[in-house]
1. Return the total of residues in the stretch 43-61 being in a loop (DSSP other than H, G, I, E, B), open to solvent by 80 Å² or more (accessible area, probe 1.4 Å) and either touching a Phe, Trp or Tyr at 6+ places or on another chain (Cβ under 8 Å) or modelled with pLDDT of 95 or more (or both).
2. Could you say which residue among Phe31, Phe93 is more than 13 Å from Gly107 (Cα to Cα) and either open to solvent by 40 Å² or more (accessible area, probe 1.4 Å) or touching a strand residue (DSSP E or B) at 6+ places or on another chain (Cβ under 9 Å) (or both)?
3. Does Gln109 qualify as being in a strand (DSSP E or B), open to solvent by 30 Å² or more (accessible area, probe 1.4 Å) and of a type outside the set (A, V, I, L, M, F, W, C)?
4. Which residue, of Ala60, Ala91, Ala99, is among the aliphatic types (A, V, I, L, M), more than 15 Å from Ala14 (Cα to Cα) and without any contact (Cβ under 8 Å) to a residue 60 or more places away in the chain?
5. Would you point out the residue of the stretch 62-83, among those that are open to solvent by less than 60 Å² (accessible area, probe 1.4 Å) and of a type in the set (Ser, Thr, Tyr), that is farthest from Gly26 (Cα to Cα)?
Amino acid sequence: QVQLVESGGGLVQAGGSLRLSCAASGSMFSFSTMGWYRQAPGKQRELVATITRRGSTDYADSVKGRFTISRDNAKNTVYLQMNSLRPEDTAVFYCNYPAAFRPWGQGTQVTVSS
């Protein structure tokens, strides 16, 4: 049984920052790469960032230099620090396991106003 619960979204002005959290239940978190995804209205869900169990990271070109993914294995939690937010970042953000998707959580809404 796996649950993914995202939180931390909200409304922010362009140029602002938000920090998202994803709390994962189950035993797989500590052994797995984790990813953040986002889905804007009318668009496909896209991969934003990944982090391995040891902390190696990768980012979509659109967020490089602005977003930072991190994790706390002791807390089964992955974070996404988002700085210099742009209106085009507006989306519902989700976390999941890129190698083997589990049921998606409800996501957390990020809205960036211009």
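1. Looking only at that region, the number is 5.
2. Being more than 13 Å from Gly107 (Cα to Cα) and either open to solvent by 40 Å² or more (accessible area, probe 1.4 Å) or touching a strand residue (DSSP E or B) at 6+ places or on another chain (Cβ under 9 Å) (or both) holds for just one of Phe31, Phe93, which is Phe31.
3. So Gln109 passes the test.
4. It is Ala60.
5. So, considering only residues that are open to solvent by less than 60 Å² (accessible area, probe 1.4 Å) and of a type in the set (Ser, Thr, Tyr), the one farthest from Gly26 (Cα to Cα) is Ser62.
The values are calculated or read from the model by the stated rules, or taken from the named source; none is laboratory data. Everything numeric here is computed off the predicted structure, so don't read it as measured data. With ideal geometry, Cβ positions are generated from the backbone for all residues, glycine too; neighbour counts draw on all protein chains shown. Just the protein is used for accessible areas: all its heavy atoms, side chains included, with ligands, DNA and RNA removed. Shrake-Rupley method; radii C 1.70, N 1.55, O 1.52, S 1.80 Å.
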